[in-house]
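Have a look at the structure below, then the notes.
Just so it is clear, none of the values below were taken in a lab; they were calculated from the coordinates. In this text, all values refer to a predicted model and were calculated from it rather than measured experimentally. FYI the Cβ positions are ideal-geometry reconstructions off the backbone, even for glycines, and counts take in every protein chain you see.
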Amino acid sequence: MAVGPVLFSADDVARRVGELASAVRRDFDGRPLTILAILHGSVVFLADLLTHLGSAVNVELIEASSYGDGTESSGRVVLNGCARLGLAGRDVLIVDDIVDTGRTLAAVRRAVEAAGPRSIRSCVLLDKPSRRQVDVALDYCGFVVGNVFVVGYGLDHAGRYRDLPYIARLDEPGG
Ligand code: IMP
Ligand code: MG
């Protein structure tokens, strides 16, 4: 696997993250908000969102895994950290890097519902609608991508490429 063409430059991403944060600020209008970020892919997106959101924001983290080292999901989502989520009565914004089959976001949403929040919204940087297997509501979405595997800006392949400041397609070597 090799890093292919850049789909969204660092400038594109920065501009879009600013727009998403503005939409969130406008909708929450100063009301306290709890962001529940899904590890690990969302860390860079989370950090940049936070810098735009101001002080009325709590952060909670949950770990979700379904990918092995390949580019195909195993189909089973394992969540870690649900037990300690302090979400009762809160307005919760679930933040993730990308929605592919939708299984991860659906599983996290169920965990959030079980924690008794006041409201639930979701915010993802990237959406791959062509791969959807489970219907999930997206309230804020940065970019739509086709059926490609992408890396950079926190998104990895087998633990690599999270550090790239842009989002690029991952290509088969020689392909
Ligand atoms: P889903 O459960 O199939 O929607 O997969 C969502 C999770 O898989 C995301 O949180 C990502 O961590 C990972 N994922 C899906 N597509 C990609 C991709 O193109 N690049 C990197 N990670 C991805
Ligand atoms: Mg993820």
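Between residue 114 and residue 65, how high is the FRET efficiency from 1/(1 + (r/R0)^6) when r is the Cβ-Cβ distance and R₀ = 25 Å? Nearest 0.05.
Numbers: r = 19 Å, r/R0 = 0.77.
Working from the Cβ atoms, E equals 0.85.
With r defined as the distance between the Cβ atoms of residue 134 and residue 29 and R0 fixed at 41 Å, what FRET efficiency is calculated, to the nearest 0.05?
Details: r = 31 Å, r/R0 = 0.75.
For R0 = 41 Å, the calculated efficiency reads 0.85.
Modelling each spin label as a point 7 Å along the Cα-to-Cβ direction, I'd like the residue 16/residue 57 distance in nm, to one decimal.
Taking the two extended label points, one gets 1.8 nm.
Across region 33-41, in residue order, what do the Karplus-derived ³J(HN,Hα) couplings come to in whole Hz, using 6.51 cos²θ - 1.76 cosθ + 1.60 with θ = phi - 60° and x for Gly and Pro?
Couplings: 10, 10, 8, 10, 9, 8, 7, 9, x Hz.
Give me 76, 131, 109, 15 ranked fewest to most by other Cβ atoms within 10 Å of their Cβ, as a rough exposure proxy.
Details: 76 9, 131 16, 109 19, 15 12.
Final ranking by Cβ density, sparse to dense: 76, 15, 131, 109.
For 65, 55, 122, 130, what's the fewest-to-most ordering of other Cβ within 10 Å of each Cβ? Walk me through the numbers before you get to the answer.
Values: 65 16, 55 6, 122 22, 130 11.
By the 10 Å Cβ count, ascending, the order reads 55, 130, 65, 122.
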